[in-house]
Amino acid sequence: MDDAADFDDVASDLVDSYLLFLRGRGPQPDISGLPNDQRRRIREQFAIVAALADRAPALPPLEDDPVAIRLGLVGSGAGSGPAVADRRPGSDQAGEDLIGVALRQLELRFDRQVVVDYSPAWKQWQPAGLSAVAQCSALGNSVALFATSLPLTGEPAGVAVFLRRYPDISAVCLSSPDAREAVLLTAADANASLDPARGWLEPGIHTAADLLEVALGRYFEARLPRWERVAALTDLIDLGDVGADAVAVATTTLASARRMRPRLQHKREAVAALKALDPSRIGAVVADVQAGRLGGNALVSRLSALAEAVAS
């Protein structure tokens, strides 16, 4: 059997072991004994397995499933018992059921990155026509959610008062009891604004109503980071000897810089000084950093010496 077939067999076994590790049914497979190029290929396969295996959020029980509740298959609409919101402590309004469904959809959509608190510190603030529901928070952004049967366009003034009283709240969301109409107001939206052409504009004029889950989802979508895959330090170390590549890149870069013909005197002097810079010395610095022989103050001193050699 050739080397490629042997590697395929080893890779298949390692991927199976890694899948068991992700599911909590075994130890993490050890690939330290493999050559650098094979370790790199195995890590790429591990990354694919980790991205695809068992990553979907767990399905909620049927009685708590937002889609089933919206379709009326379970909950108060189906006559199968008390509504989900009614089972939550402190909830005594059947209309809050649909708001609770929207909040659970929000949590599932962002995989619990958005935290819903049904007993926030400001809940005692009860202005006329508004009923405190919950606080939705993620990475320092907090939205106070109120239910109201009043026209949503008439509330920005009260929202501005609330935001001044509770400066740690980033925005206020006003929702109809059925969660079909909601507006999300920041401090800027809740106060009058000045338009160069139209003059002073009333608060909330730029805010359009939408479904509650859409309004909240759009807000947090714009504020939560989109994590990208970042290469691990071990991946960089396993690249092999980069000294030759560093010398080649330095040689090309220096040659391009030396061909420049600047007009300013200080720039001409800088280009002339580059002729004294040896690309191999740059490659040596990169190789020593990669091997762990150079870092911290020693790296700064080495770079300072290179700069002084060029300037002299």
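Sequence-ordered 3J(HN,Hα) estimates for the range 279-296 from the Karplus curve with 6.51, -1.76 and 1.60 and θ = phi - 60° stand at x, 5, 5, 5, x, 5, 5, 4, 5, 5, 5, 5, 7, x, 8, 9, x, x Hz, glycine and proline given as x. Taking every DSSP bridge with both residues inside the range 97-189, close to 75 percent are antiparallel. Take 277-290, 108-121 and order them by the average number of nearby Cβ atoms within 10 Å per residue, most first; the result is 277-290, 108-121. Peptides 131-140, 246-255 ranked from most to least packed by the mean count of surrounding Cβ atoms within 10 Å: 131-140, 246-255. Model label sites at LEU52 and LEU150, defined 7 Å from Cα along the beta-carbon direction, differ in position by 5.5 nm.
From the alpha carbon centroid of the range 287-304 to that of the range 96-134 is 53 Å.
When you filter the trypsin sites (Lys or Arg not before Pro) in the range 129-188 for DSSP loop state and at most 15 other Cβ atoms inside 10 Å of their Cβ, you are left with ARG180.
Readers should treat all values here as calculations from the given coordinates under stated rules, not as data from a laboratory. Here the structure is a predicted model, which is why all the values come from computation and not from measurement. Glycine gets a Cβ as well: all are built from the backbone with ideal geometry, and neighbour counts include every protein chain shown.
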